[in-house]
Ligand SMILES: [Zn+2]
């Protein structure tokens, strides 16, 4: 059994949930506590001590058996926020998240906190939600969000993925465009999700956070890009495909929904789960969406070919428009020229 290191990741806190070490099954750290008294001790989860992951057959969640130290170093020295003591958020904040389909358990798991923070957009201190960016047990950055949807990152802090600790040990992970989307996927039973720190832009997307976290992706067989459907999201998607390689990138689209939070609100949790199978089944199952599901996954290779077809069609359309226009111009020219000739001839005859 691995007690110090798994797949190049140094274990920080071995057996973080105090489960029976070395045993193949036992209680689930996610749901057992909330079950009926007679089921609290049911062995509903199986543990894979070699990979450091557990799977629950009751709530279908997967979970990390250990915590890990940061893998890889930052390229330079950055300012770090003060370490925090995670504590429960207020009822008001809980209700706000609940209205968006996010439970208190998810807020705790992703160490979301709240507090006063100066927001430059309003020029004063505001009550803000704090999305804490951890790598290992170190707080690397904080994203603040106030009630008016103003955002701010910790000044001078290193840019990394949000929730990066969560993808250790899994063969695949999902990349989303915001913290709310990461919380939504966690809520839907997909804990191995990370979010980019600063959204997508139409211009060049600076992926320095990928450089700072690249060691977390080297063992991934599949990286699922679940980015927004707008142009900026697509630009970011293409940049990820370029950087990570088309052979590992898979694309998730949300049909009519604008992002994964909206998708969560509209869809049953089980839809998400059946689209992204738990890691234990991932080896044997290809990532093929069922036809009845609204969500579609296609390989990035297909996407690139779709893009090529789109451009070819555009060029064809331009040609198809240009040809009749030039023919019309030619016709007009011929008519005018023959009229002039006719007038000249008639003048000569006269
Ligand atoms: Zn469970």
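The values are calculated or read from the model by the stated rules, or taken from the named source; none is laboratory data. Owing to the predicted nature of the structure, the values given are computational and were not obtained by experimental measurement. Backbone-built Cβ (ideal geometry, glycine too); neighbour counts: all protein chains shown.
Numbers at a glance
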| item | result |
| --- | --- |
| Some residue of region 93-102 being more than 20 Å from residue 134 (Cα to Cα), loosely packed, with under 13 Cβ neighbours inside 10 Å and within 16 Å of the ligand (Cβ to nearest atom) | no |
| Long-range neighbours under 6 Å by Cβ, at least six apart or interchain, first residue on the phi > 0 side of the Ramachandran plot within region 132-155, second assigned to a loop (DSSP other than H, G, I, E, B) | 136/69; 136/70 |
| Given (1) within 16 Å of the ligand (Cβ to nearest atom); (2) in contact with a strand residue (DSSP E or B) (Cβ under 6 Å, 6 or more places away or on another chain); (3) free of Cβ contacts under 8 Å to residues at least 24 places away in the same chain, number of the condition residue 4 does not satisfy | (1) |
| Residue match in region 65-75 (condition: closer than 26 Å to residue 142 by Cα and without any contact (Cβ under 8 Å) to a residue 12 or more places away in the chain) | yes |
| Filter result for residue 88 (in the same structural domain as residue 168 (by TED's automatic domain parsing), away from the ligand (no atom under 11 Å from the Cβ) and either modelled with pLDDT of 95 or more or more than 15 Å from residue 169 (Cα to Cα) (or both)) | yes |
| Considering residues of region 31-51 that are touching a residue at least 12 places away in the same chain (Cβ under 8 Å) and within 25 Å of residue 184 (Cβ to Cβ) only, the residue farthest from the ligand (Cβ to nearest atom) | 35 |
| Residue match in region 76-85 (condition: crowded, with 16+ Cβ neighbours inside 10 Å, touching a residue at least 60 places away in the same chain (Cβ under 8 Å) and more than 16 Å from the ligand (Cβ to nearest atom)) | yes |
| All positions within region 59-75 that are modelled with pLDDT of 90 or more and surrounded by 16 or more Cβ atoms within 10 Å (Cβ to Cβ) | 62, 63, 64, 65, 66, 67, 68, 70, 71 |
| Complete set of residues in region 147-182 that are under 18 Å from residue 84 (Cβ atoms) and surrounded by fewer than 19 Cβ atoms within 10 Å (Cβ to Cβ) | 152, 153, 155, 156, 157 |
